[in-house]
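S.K.: Before I ask anything, let me first share the structure, which is written out below as structure tokens.
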Amino acid sequence: MLSMTTLDLVTSDAQVVGSARIDERGKSPSRAVLARYSGTTPDIFVDAVANTLVGHRLITHDAEVASALVESGATVLRASRMMVLSSFELVQDGLIVWKCPIGPIQHTPNAYAAVYIRAYPPEHPDHDPSEVTVEAAANTITTYLSGEEVGPLNRLASGEALDPSGVVIGVIIVSELAGNDEYEGGPWVTELFIDPAWHGLGVGTALIHFAVIQLALQNRLTLGLAVTVGSPAGRLYERLGFEERSKSWALIID
Ligand SMILES: CC(C)(COP(=O)(O)OP(=O)(O)OC[C@H]1O[C@@H](n2cnc3c(N)ncnc32)[C@H](O)[C@@H]1OP(=O)(O)O)[C@@H](O)C(=O)NCCC(=O)NCCS
């Protein structure tokens, strides 16, 4: 169920110093996207956040706010880079050779779940301990495919890679992200994951090529994504020409 509310952020002496858009869809804790009003110092803003939003997953694109939150005792859950590939061309110099079959997504979330779990082992910076069973991982993937989380699925640009016997070894899920203050919106890589047995063999690159070709055929010439700071996937995106637009932080005050 879609549930979004906007709260004023108020200091202990009743000044309104910003707002928070609370998104109660999906996972707990609910997300609170922070906006600081101009003229408010990070410290005063953080006092107002601490008055109102203990226990929420706080999202900010503001480096000063992130650092003031950390100084006040908040824990960083994730730092991520928003990256965009823009103005790509359909015709390139050489042929693109894919080493395994790549095509539109056709399998069920359950078929993707086992690959997803193997792609995000405990040592991965995006590992989520609540997603280690096939059922939990399939639920998460279902929310991406249904459009409930992130935005409507771009089915044509979403693809899967198969091994020679037809078993799924990789998936790219592309959604249509609504515009916000940080990004104008458009096609967005919601997930990209490859079976570790196939890492480093060009499958991830091939799935991004697939998405980009499908998007170019729809006359859509940008593709955005967020990657966790420290994830090796960042190198892949840089090599493919994605450029960093902004950073964001997810934090929690316990
Ligand atoms: C990131 C990921 C999708 C890359 O897929 P891949 O098929 O291994 O990618 P390719 O073979 O096309 O390209 C390899 C690139 O990925 C990066 N990479 C990430 N993890 C890697 C691994 N375990 N082995 C080799 N390369 C890896 C390397 O930087 C490499 O870049 P390089 O060519 O400049 O050296 C895959 O490693 C994966 O599923 N990781 C776990 C899930 C994840 O982090 N998804 C991204 C979320 S934003």
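S.K.: If a residue has to be part of a helix (DSSP H, G or I), open to solvent by 10 Å² or more (accessible area, probe 1.4 Å) and under 13 Å from LEU85 (Cβ atoms) to count, how many in region 205-254 make the cut?
M.R.: Residues meeting the conditions: 9.
S.K.: Let me ask something additional. Would you check if there is a residue in region 152-159 being within 16 Å of the ligand (Cβ to nearest atom) and open to solvent by 30 Å² or more (accessible area, probe 1.4 Å)?
M.R.: No; the residues of region 152-159 include none that is within 16 Å of the ligand (Cβ to nearest atom) and open to solvent by 30 Å² or more (accessible area, probe 1.4 Å).
S.K.: A further question follows. Residue check, PHE88 against (1) within 16 Å of the ligand (Cβ to nearest atom); (2) within 15 Å of ILE208 (Cα to Cα), all met but one. Which one?
M.R.: With respect to (1) within 16 Å of the ligand (Cβ to nearest atom); (2) within 15 Å of ILE208 (Cα to Cα), PHE88 is out only on (1).
S.K.: Just to check your reading of the model, which residue among GLU149, GLU176 is under 30 Å from ARG36 (Cβ atoms), in a loop (DSSP other than H, G, I, E, B) and not hydrophobic (A, V, I, L, M, F, W, C)?
M.R.: GLU149
S.K.: Just need a number here: residues in region 98-119 that are part of a loop (DSSP other than H, G, I, E, B) and either among the acidic types (Asp, Glu) or open to solvent by 20 Å² or more (accessible area, probe 1.4 Å) (or both).
M.R.: Here the count works out to 6.
S.K.: Then there's this: When region 171-187 is examined, which residues are found to be within 16 Å of the ligand (Cβ to nearest atom) and either open to solvent by 30 Å² or more (accessible area, probe 1.4 Å) or touching a Cys at 6+ places or on another chain (Cβ under 8 Å) (or both)?
M.R.: The answer is LEU177, and nothing else.
S.K.: Then there is this: Take region 131-147 and flag every residue that is open to solvent by 70 Å² or more (accessible area, probe 1.4 Å) and in contact (Cβ under 8 Å) with a residue 24 or more places away in the chain.
M.R.: Hit for region 131-147 is ASN139, nothing else.
S.K.: Right, here's the next one. Taking region 60-79 as the region of interest, how many residues are open to solvent by less than 20 Å² (accessible area, probe 1.4 Å), closer than 16 Å to ASP181 by Cβ and not in a helix (DSSP H, G or I)?
M.R.: 1
S.K.: Read through the list (1) modelled with pLDDT under 95; (2) open to solvent by less than 70 Å² (accessible area, probe 1.4 Å); (3) near the ligand (Cβ under 8 Å from one of its atoms); (4) under 19 Å from the mean Cα position of the chain (by Cα), then give the number of the only condition that GLY202 fails.
M.R.: (4)
S.K.: Pull up region 1-49, narrow it to residues that are in a helix (DSSP H, G or I) and of a type outside the set (Phe, Trp, Tyr), then point me to the one that is surrounded by the most Cβ atoms within 10 Å (Cβ to Cβ).
M.R.: VAL46
S.K.: Of all residues in region 211-254 being hydroxyl-bearing (Ser, Thr, Tyr) and within 12 Å of the ligand (Cβ to nearest atom), which is nearest to the chain's Cα centre (by Cα)?
M.R.: Per the criteria, the residue is THR228.
The values are calculated or read from the model by the stated rules, or taken from the named source; none is laboratory data. Treat the numbers as computed from the prediction; the structure is a model and nothing was measured. Because the Cβ atoms are built from the backbone with ideal geometry, glycine has one as well, and the counts that use them run over all protein chains shown. These accessible areas exclude ligands, DNA and RNA; they are computed on the full protein's heavy atoms, side chains included. Shrake-Rupley method; radii C 1.70, N 1.55, O 1.52, S 1.80 Å.
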